Amino acid sequence: MSWIIIAVFLVAVLLSIPIAHALLLGAVIGIASSDRLGIHLAIEQMISQVQSFPLIAIPFFMLTGSLMVGGRLGQYLIDLLTTLMGRVHGGPAQVGVLSSTIFGGVSGSAVADASAIGSLLIPWLKQLGYPAPFAAGTIAAAATIDILIPPSIPMIIYALVSGASIGALFIAGILPGLLMCAGFMAVCYVQGRRRNFPRITTPFDWGRFITEVGYASPALALPVLIIIFLRFGIATPTEVSVMSTLYAFVVSWLVYRDLTLKRMKGAVVEAGIATGVVLLIIMASSVVGWIVTYEQLPAAFVNFAQKTLREPWLIILAMNIIMLATGMFIDLPAAVLLLTPMFVPLAAAVGMNPIQLGIMMIVNLSIGLYHPPVGTTLFIASSIARVRMGDVVIELIPFYFVAIGLLILMSYVPLLTIF
Amino acid sequence: MWVAFAHRIDEAIAWVLHVVLYLTTAAIFLILCVNVVLRYTTGASLQWASEVPELLFPWLIMAGVVLAAQHGTHISVVIVTQRLSKALRHWILAAGSVVVVGLYVVLTIAAWDVMLIAHDEKSPILQIPGSTSVAALLFGFILLALVTVTRLVIEWPGGGAQGAVTGQDELLARESS
C-alpha cells in the first residue's frame with residue numbers, strides 16, 4: 001500500500017496537482033487497493049487533526065504576524081535596523097537577516113516572513129544597488145530563521161506528533177536561530193566587503209535611533225513575553241497564541257494607530273488562507289502517516305538502520321541526509337508529519353533527545369525552503385526580485401554552507417539545543 | 001455564459017467562506033481570551049472553553065482550505081508542466097483538476113457516512129453532536145470540488161483568465177504585482 005501511495009503521489013505532484021491533494025489522492029487510492037481498510041479511515045484521521053486544541057495556535061500566531069508586520073511596525077523595524085547596521089559591509093543585506101530574526105518573534109511562518117519582509121526589503125536593496133539575485137537569496141534564506149525563533153508553526157506540528165513539549169521546543173530553538181542569524185549576517189558581511197556592495201553613508205543619529213527603538217520595542221518585546229508565558233506555565237501555547245493576537249490588536253490600535261476594519265479583515269483572511277494551506281497538508285499527511293504506521297514501516301526502518309549502520313554518529317548522519325533530501329521535495333509540514341514517527345524511535349535508540357531531534361529536523365527541512373525544486377521562500381523571493389531562480393541559487397551557495405555547518409553542530413552537540 | 005455563471009458561483013462561495021472565517025476566528029479568539037482573563041482574575045475558568053473552539057476550528061480550517069484553493073495558494077510543483085507547450089499544459093492541468101474533483105467527491109461520500117455515525121457521539125460538556133465537526137469537512141470537500149470546477153471554467157483559455165494557472169503561477173503573479 002505504501003508503494004502505491006508513493007507512486008501516485010509522485011505522478012500527481014509532477015502533474016502539478018497541489019501537494020496536499022496529491023497526498024490525499026495517494027492515500028485514498030492506497031486505501032482503495034487494500035481489502036482490509038475503508039475510505040472512512042481517511043475521514044477519521046483528518047477529523048482527529050482538525051479537532052486538535054494545540055493546532056488552534058497556528059491561525060492565531062499567523063494573525064499576530066499579519067497584524068504586526070502588515071502595519072507600520074514592519075517599516076519601523078527596518079528603519080531601526082538600518083540605522084544600526086546600514087553602515088557596515090553588507091549592512092543593508094544584514095538588515096534583511098535581522099528583520100527576519102525579529103519578525104520570527106511575532107510570526108511562526110517562513111513563507112509569511114519571505115512575503116512581508118521580502119516585499120519591503122528586496123526593492124529597497126535593489127534600489128541601493130545590490131544585485132537582485134543576492135537580495136532575493138538573502139531574504140529567501142533569512143526567512144527560514146523565522147521558524148527557529150518562537151513562536152514556530154513547524155515546532156507546534158512536531159510537538160503534536162512526537163509528544164515533545166511545545167514550550168521546550170520554543171526555548172530550544174532560540175540559540176540555533178540566533179546562530180543561524182549570525183552565520184547569515186557573516187555571509188552578508190563577507191560578500192559585501194568582497195564585492196563592495198553599497199552602504200548607508202549618512203552619519204549615525206542618536207536621537208533618531210532612540211525614537212526608532214521606542215517604535216520598534218513592541219515587536220522586540222513579543223517573543224520575550226511568549227517565552228515568559230510558556231516557561232512559567234501562565235498559559236497553554238494555544239492561549240499564548242490568542243494573547244499574542246490580543247497584544248498585536250492593542251499595539252496596532254493604540255501605539256501605531258494603524259488598525260482599520262479593512263486591515264483587520266484582511267489579516268483574518270490572510271491568516272485563514274495560510275492556515276488552510278498548512279492544515280490541509282497536515283490532514284493529508286496524517287492519513288498517509290497512519291497507513292505507514294499500520295504497515296509497520298517505522299519499526300522496520302529502525303531495525304534496518306540499527307542493523308546496517310550500527311554507529312550512532314552514522315545513524316544521525318543518515319537521518320540528516322534523509323531529512324535534507326525529503327525537505328527538498330516535500331513541503332515542510334508534510335515532511336515533519338511523515339518523518340517524525342520514523343525518527344523519534346530511531347533517535348531514542350541512539351540516545352538522542354526528542355527536542356534535539358525536533359530542532360535538527362526543522363533546520364534540515366528549512367533548507368529545503370530555499371533550495372530547488374520546492375523552495376517556497378526561494379520562489380517568493382525570486383518572484384519579488386523578478387530574477388531567475390537559478391541565479392538566486394548561485395548566490396545562496398554560501399548560505400547553504402553556513403546552514404549545513406550549523407546543522408552538523410546541532411546534530412552532534414546536544415548542548416546547543418537542550419541547554 | 002458558463003464563465004459568467006462560474007464567476008457568480010465563485011463569488012458566492014467566497015462570500016460564505018469569508019463570513020465563516022470572520023465568525024469562527026472571532027468566536028475562538030473571544031472564548032480563549034475571556035477564559036485566560038477569568039482564570040487570573042477570579043480563579044475560575046469556563047468549562048466549555050476548549051470544547052467550543054475545538055468544534056469551531058474545523059470550520060475555520062475548511063473555510064481557509066477552500067479560500068486557498070480559490071486564490072491558488074495550495075503549494076504545487078510546476079517544474080515539469082512549465083516545460084510543456086501551453087496547449088499540452090492546459091490539458092494536463094485540466095486532467096489534474098478532474099482528478100481532484102473525483103477525489104473530493106469520493107471523500108464527500110465517505111464523510112457523509114462518517115457524519116451519520118458521529119451524530120450519536122456527544123461532546124462531554126455541551127452535548128453537541130460529533131457530526132458538527134465532520135459536517136465542516138463535508139462542507140469543505142463539496143466546496144473544494146465546486147471551486148475546482150469553477151476555476152477550471154474561468155481559467156480555461158478564452159474563459160476570462162489568462163489561461164490555466166497553478167498555485168505557484170498565481171503566487172508569482174500576486175507577488176510580482
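Residue-by-condition table, conditions (1) surrounded by 20 or more Cβ atoms within 10 Å (Cβ to Cβ); (2) more than 30 Å from the chain's Cα centre (by Cα); (3) more than 7 Å from chain A (Cβ to nearest Cβ); (4) of a type in the set (Ser, Thr, Tyr):
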| residue | (1), (2), (3), (4) |
| --- | --- |
| B:Ile28 | yes, no, no, no |
| B:Leu32 | yes, no, no, no |
| B:Arg39 | no, yes, yes, no |
| B:Gly43 | no, yes, yes, no |
| B:Trp48 | no, no, yes, no |
| B:Pro58 | yes, no, no, no |
| B:Ile61 | yes, no, no, no |
| B:Gly64 | yes, no, no, no |
>> Return the pair list, or none, for Cβ contacts closer than 6 Å from residues in the stretch B:72-83 that are facing chain A (nearest Cβ under 7 Å) to residues that are assigned to a loop (DSSP other than H, G, I, E, B) and modelled with pLDDT of 80 or more, at least 6 apart or on different chains.
In response: B:His74/A:Pro18; B:Ser76/A:Ser16; B:Ser76/A:Pro18; B:Val78/A:Ser16; B:Thr81/A:Ser16
> Do we have A:Ser366 as assigned to a helix (DSSP H, G or I) and over 16 Å from the mean Cα position of the chain (by Cα) here?
Replying inline: no
> Using beta carbons and a limit of 8 Å, which pairs, at least six apart or on different chains, have the first residue in the stretch B:1-18 and touching a residue at least 60 places away in the same chain (Cβ under 8 Å) and more than 16 Å from B:Phe139 (Cβ to Cβ) and the second one in a helix (DSSP H, G or I) and of a type in the set (Ser, Thr, Tyr)?
Replying inline: B:Ala6/B:Thr150; B:His7/B:Thr150; B:Asp10/B:Thr150
>> Condition first: away from chain B (no Cβ under 11 Å) and in a helix (DSSP H, G or I). Now tell me which residues in the stretch A:381-399 satisfy that.
In response: A:Gly390, A:Asp391, A:Val392, A:Val393, A:Ile394, A:Glu395, A:Leu396, A:Ile397, A:Pro398, A:Phe399
>> Among the residues in the stretch A:354-374, are any over 21 Å from A:Gly104 (Cβ atoms), touching an Asp or Glu at 6+ places or on another chain (Cβ under 8 Å) and within 12 Å of chain B (Cβ to nearest Cβ)?
In response: yes
>> Of the residues B:Ser85, B:Ser123, only one is surrounded by fewer than 16 Cβ atoms within 10 Å (Cβ to Cβ) and either out of contact with any Pro (no Cβ under 6 Å at 6 or more places or on another chain) or of a type in the set (A, V, I, L, M) (or both); which?
In response: B:Ser85
>> Six or more apart or on different chains, Cβ atoms under 6 Å: show the pairs whose first residue is in the stretch A:220-234 and without any contact (Cβ under 8 Å) to a residue 60 or more places away in the chain and whose second is not small (Gly, Ala, Ser).
In response: A:Phe229/A:Val240
> Among the helices (runs of 4 or more DSSP H) confined wholly to the stretch A:123-236, which include 1 or more residues that are over 19 Å from the mean Cα position of the chain (by Cα) and under 25 Å from A:Arg87 (Cα atoms)?
Replying inline: A:132-142, A:166-194, A:206-231
> Here are some residues: A:Phe197, A:Phe184. Which one is modelled with pLDDT of 85 or more, farther than 30 Å from B:Tyr40 by Cα and in contact with a Cys (Cβ under 9 Å, 6 or more places away or on another chain)?
Replying inline: A:Phe197
>> Looking at A:Phe204, A:Phe184 in this structure, which one is buried (at least 24 other Cβ atoms within 10 Å of the Cβ) and not hydroxyl-bearing (Ser, Thr, Tyr)?
In response: A:Phe184
> Residue check: is A:Ser252 at pLDDT 85 or above and within 14 Å of chain B (Cβ to nearest Cβ)?
Replying inline: no
>> When you check A:Gln127 against the structure, is it out of contact with any helix residue (DSSP H, G or I) (no Cβ under 8 Å at 6 or more places or on another chain), away from chain B (no Cβ under 14 Å), surrounded by fewer than 24 Cβ atoms within 10 Å (Cβ to Cβ) and more than 24 Å from A:Ile153 (Cβ to Cβ), yes or no?
In response: yes
> Of all helices (runs of 4 or more DSSP H) completely enclosed by the stretch A:34-122, which ones contain at least 2 residues that are away from every other protein chain (no Cβ under 14 Å)?
Replying inline: A:57-70, A:72-85, A:91-103
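The values are calculated or read from the model by the stated rules, or taken from the named source; none is laboratory data. Treat the numbers as computed from the prediction; the structure is a model and nothing was measured. Note: ideal-geometry Cβ built from the backbone for every residue, glycine included; neighbour counts use all protein chains shown.
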